[in-house]
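The values are calculated or read from the model by the stated rules, or taken from the named source; none is laboratory data. Please read all numbers here as calculations on a predicted model, not as lab measurements. Cβ placement follows ideal geometry from the backbone for every residue including glycine, while neighbour counts extend to all protein chains displayed.
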């Protein structure tokens, strides 16, 4: 089901967890406002190794859209849901799935088509059975792929797979230019 053809992408260096959280806060208003399609929300897939920043990003985004109280990691429960001013937010974690069809058996399919904010950590565990995201974020440590010693910080790769995701990245681009020095933002 997942036929991903990127329309817009770029990479952004993140010095630390504060930068990761700031990225979540920047994106949050775009998901909580009604878009050009007349709907709020959207689907974001979060990829990266354990500790790369997926949950930190998700917590910051959820807090910025208005979630109050404790924001739990869905690692054991698979799903944490929140309601903010009639906007539902679903934070899912598929890390523990052994079979890609487990997400179907869990009954999550219906929520993926709703007017909600959907954040999915470890979407690769569904092995292509998910619909494509509006936006995918891959958090990695530089040098991870090349086997080099890992320097401080992370690299976030943002890729849009829908008109909505492309609009988000296009809208964010000017803010990201001031988010970090210009020479630290690389177009992909």
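Output yes when any residue across the range 170-188 is assigned to a strand (DSSP E or B) and modelled with pLDDT of 90 or more, and no when none is.
For the range 170-188, residues assigned to a strand (DSSP E or B) and modelled with pLDDT of 90 or more: absent.
Do you know which residues across the range 26-54 are touching a strand residue (DSSP E or B) at 6+ places or on another chain (Cβ under 7 Å) and not in a strand (DSSP E or B)?
31, 32, 40, 41, 52, 53, 54
Among what's in the range 110-123 and is within 18 Å of the chain's Cα centre (by Cα) and surrounded by fewer than 19 Cβ atoms within 10 Å (Cβ to Cβ), pick the residue that is modelled with the highest pLDDT.
Here the answer is 115.
Does residue 78 satisfy the criteria of being at pLDDT below 80 and over 19 Å from residue 18 (Cα atoms)?
yes
Right, residue 86: surrounded by 13 or more Cβ atoms within 10 Å (Cβ to Cβ), at pLDDT 70 or above and out of contact with any helix residue (DSSP H, G or I) (no Cβ under 6 Å at 6 or more places or on another chain) or not?
Taking the combined requirement at face value, the residue does not satisfy it.
Among the candidates 126, 106, 58, single out the residue that is at pLDDT below 80 and either over 17 Å from residue 158 (Cα atoms) or touching a strand residue (DSSP E or B) at 6+ places or on another chain (Cβ under 6 Å) (or both).
106
Could you give every pair whose Cβ atoms fall below 8 Å, whose first residue belongs to the range 1-20 and is more than 10 Å from residue 155 (Cα to Cα), and whose second residue is modelled with pLDDT under 55 and assigned to a loop (DSSP other than H, G, I, E, B), counting only separations of at least 6 or pairs across chains?
9/188; 10/185; 10/188
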